[in-house]
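What follows is a set of notes on a single structure, which appears directly below.
What follows draws every value from the coordinates through simple rules; no lab data is involved. Remember, it's a predicted structure, so these values are computed and weren't measured experimentally. Methodologically, a virtual Cβ is constructed for each residue, glycine included, from the backbone with ideal geometry; neighbour enumeration extends over all protein chains shown.
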Amino acid sequence: MIASLPWQASSWQRVCAQIADGKMPHGILLAGPSDSGKANFAAGLGAYLLCRGHDKPCGECRQCNLVAAGTHPDLLEVTLEDAKQIRIEQIRELIHWATQTSQQGGYKVCIINPADKLNVQSANALLKVLEEPPPKTLICLVSDQPTRLLPTLRSRCQRIDLGSPSQQEAVVWLQGQMDSSADVELLLGIAGGMPLRVLNSIDEDYLKLRQELASHLVPLSEGVRSPIQVAALMAKEEVGRVLELLYQLVSDSIAFTLSGGKVIKNRDLSETIEQYSNLTSVANRYKLLDHISEAQGQLNGTSNPNGQMLLEGVFVKAG
């Protein structure tokens, strides 16, 4: 866990004030974009509530050591387990855990991440816990897509929105985390302004895949490269990442066109972006974004679609 994220400071202070005033709710919904630091906030909150030291979380007391080791009996994390949904069996285990007396005599904290992956049965079961919460128990829901949660679940939680940092905040913070040779502003542009995404996702393999995918855009648009051939090549990679990168590149090309060439995040690929923009209309590129989003939805759904076929469908539209 990263100790502190400056763009979360005001939200963190408000929650700490609630705890100090004895007004902590039983349910919290942490909402915000992917890689905005929600999981970090949830982990910090759990450590804070369980800590017995003075400067919480102290990182030194027995409770903090148990949290750090992942063995604290009063901290439960519920996430995906070899499935695309959080199953009702997991929530039943949570309910059993919640109704037991705290083993360490303090708070009990459960973190559900990603909460939008609760299926209907598990969400309804969780609702019963939130309606009749055990004392000194916090259920913390973490979600990139809070609108996918049941309205009744959302209404029983205090919502905390954790958004994106400002460009300046992101640059300054990331410069403190990376080697001085890194092109922080370029990496932030590629990561959609999310510094944690830079650290978590953008490595050499990611950048290599991005370059390879970009190299196909112009030949596909000119009709000199087969969509099926490109799909076969790209299917060897993580399909979700390919779709994410393609969405980013197409979005950037639209911004480039609409700004008259003044706005571009992938500036190291500016020549390719410009060539691609000159070959396809903005209207067709918007339609392509819709197809990519649809493919992402299928990939993240409960069925198991064929990744190569998904890519074929998208690359046909890119041509």
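Computed values, structure above
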| quantity | calculated |
| --- | --- |
| From the C-alpha gyration tensor of the chain, square roots of 5λ in Å | 41, 23, 16 |
| Full-extension gain in nm, GLN168 to ALA68, via 0.36 nm per residue minus C-alpha separation | 32.9 nm |
| Fewest-first sequence of HIS216, HIS54 by Cβ atoms within 10 Å of each Cβ | HIS54, HIS216 |
| Within region 165-319: Cβ-based charge dipole about Cα centre, in debye rounded to nearest 20 (Lys, Arg +1; Asp, Glu -1) | 420 debye |
| Under the span-like rule (Cα at least 24 Å along the axis, Kyte-Doolittle mean at least -0.5), DSSP H helices of the chain | 204-222, 239-258 |
| LEU138 long-range amide H proximity, modeled H, under 5 Å | LYS108, VAL109, CYS110 |
| Estimated FRET transfer efficiency (ASN119, HIS96; beta-carbon r; R0 25 Å; 0.05) | 0.85 |
| Note, ³J(HN,Hα) from phi for region 100-117, Karplus 6.51, -1.76, 1.60, rounded to Hz, x at Gly and Pro | 7, 5, 4, 6, 9, x, x, 5, 10, 10, 10, 10, 10, 8, x, 5, 6, 9 |
| Residue of VAL142, VAL224, VAL129 that the Gaussian network model of the chain assigns the largest fluctuation, springs spanning Cα pairs under 10 Å | VAL224 |
| Total formal charge among the other residues, if their Cβ is under 15 angstrom from that of GLU169, Lys/Arg +1 and Asp/Glu -1 | -1 |
| Residues in region 19-44 that a label on ASN200 would reach, taking backbone N under 14 Å of a point 7 Å out along Cα→Cβ | 30-44 |
| Fully extended contour minus Cα-Cα distance, from GLU271 to GLN104, at 0.36 nm per residue | 54.1 nm |
